[in-house]
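As structure tokens, the structure follows; a few thoughts come after it.
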Amino acid sequence: MRLLFLFLDGLGLGADDAQANPLAQAQMPHLQSLLQGQRLIHSSRLPMETERASLLALDACLGVPGLPQSATGQAALLTGRNIPALLGMHDGPKPNPQVSAFLRQGTLFSSLHAAGKTAALLNAFPPGYFSALDSGRRLPGAMAMAVRLAGIPLKTQADLFAGQAISADFTAQGWRDHLGISATPLLTPAQAGQRLASLASQLDFALFEYWPSDIAGHHQDLPAAISLLETFDGVLGGLLAAWDDANGLILLTSDHGNLEELNTRRHTTNPVPLLLIGAPEKRRAFLSRLQDGKPAQSMPDLTGVAPAILAAFNLA
């Protein structure tokens, strides 16, 4: 069993409004083909099942007033616990001491690692990131923190150059343009998708964190957001072509809404998508655990993701 978790920060299910929601306008043929023409928007067709995918909405508010935030939302995904409710608030972007304490108590990564499963965060981090962490000038996000707490090393520039990691922007153009590392090997979006499939095939559990989606939402730049989504669709095309559905699942979800409403710079209370790709029987088993302990008619939420992943590995 292999599971690839594609985490897209700040991606909610918004209205079919091309003026505010880039997901209603971007050309995403691979995603739409996967969903039989459906765009990634809030729709009466949800939940939906296609030959290769399942799509449903997840509650990111978790019964707590205010706008969902990255640290507590990601901690809920990683732990299966309602961290905002335990704190009495949403908080972010980086884990505060209380959120960090919850992560130390156990996450997906620590549970998998303790059970002898191979797990990794596929993102490559540049040298300056590690220097900033070591000096205390920077805090890791919840995903990177969970990996480090589990004793799993973060991937480096050397891993990226060796083809054993992926840049946060998929193609690694940002390493040349923003980090000034001109020798960085570049990938096309399709090649990045193929590399995701290849790296995930070598692990039991792989996570890739795509944070540019949240940045684009805060910037409210519709053309840039559309370009970003169309690049992601190219990555998805390469990934789908290389992925063996019989051997595992691809899971895509988010921590809160943002990108789907560019008429505001703030996060939203919209539900987030849960897109599951793989063989029908594997999807059915995963989704049956997602709703465990909740009323049949209620919307599943972020806290169901970690237990469903652990159950897929017979660890819950």
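The values are calculated or read from the model by the stated rules, or taken from the named source; none is laboratory data. Since the structure is predicted, the reported quantities are computational estimates derived from the model, not experimental observations. In this analysis, Cβ positions are derived from the backbone assuming ideal geometry, glycine residues included, and neighbour counts consider all displayed protein chains.
Looking for whichever is surrounded by fewer than 21 Cβ atoms within 10 Å (Cβ to Cβ) and not β-branched (Val, Ile, Thr) here; the options are 108, 87. Which one fits? Explain how you work it out, then say what you get.
Values: 108 fails: surrounded by fewer than 21 Cβ atoms within 10 Å (Cβ to Cβ).
The match here is 87.
Taking residue 100, is it outside any loop (DSSP other than H, G, I, E, B), out of contact with any Pro (no Cβ under 7 Å at 6 or more places or on another chain), among the polar types (S, T, N, Q) and surrounded by fewer than 24 Cβ atoms within 10 Å (Cβ to Cβ)?
yes
Look at residue 170 and say whether it is on the phi > 0 side of the Ramachandran plot and either modelled with pLDDT of 95 or more or not in a helix (DSSP H, G or I) (or both).
yes
What number goes with the only condition from (1) assigned to a loop (DSSP other than H, G, I, E, B); (2) in contact (Cβ under 8 Å) with a residue 12 or more places away in the chain; (3) under 28 Å from residue 114 (Cβ atoms) that residue 206 does not pass?
(1)
Among the residues of the stretch 20-44, write down those that are touching a residue at least 24 places away in the same chain (Cβ under 8 Å) and not aliphatic (A, V, I, L, M).
Once the filter is applied, which keeps residues that are touching a residue at least 24 places away in the same chain (Cβ under 8 Å) and not aliphatic (A, V, I, L, M), the stretch 20-44 yields 21, 22, 25, 27, 29, 30, 42, 43.
Scan the stretch 176-231 for residues that are within 20 Å of residue 248 (Cα to Cα) and of a type in the set (Phe, Trp, Tyr) and jot them down.
Passing the criteria: 205, 208.
Residue pairs, Cβ under 8 Å, 6 or more apart or interchain, first in the stretch 112-125 and in a helix (DSSP H, G or I), second of a type in the set (Phe, Trp, Tyr). List them.
From residues that are in a helix (DSSP H, G or I), the pairs are 112/205; 112/313.
Do the conditions hold for residue 85, that is, is it more than 30 Å from residue 174 (Cβ to Cβ), assigned to a helix (DSSP H, G or I) and in contact (Cβ under 8 Å) with a residue 12 or more places away in the chain?
In short, yes.
Which residues, counting only those in the stretch 124-147, are modelled with pLDDT of 95 or more and surrounded by 16 or more Cβ atoms within 10 Å (Cβ to Cβ)?
124, 125, 126, 129, 140, 141, 142, 143, 144, 145, 146, 147, listed by residue number.
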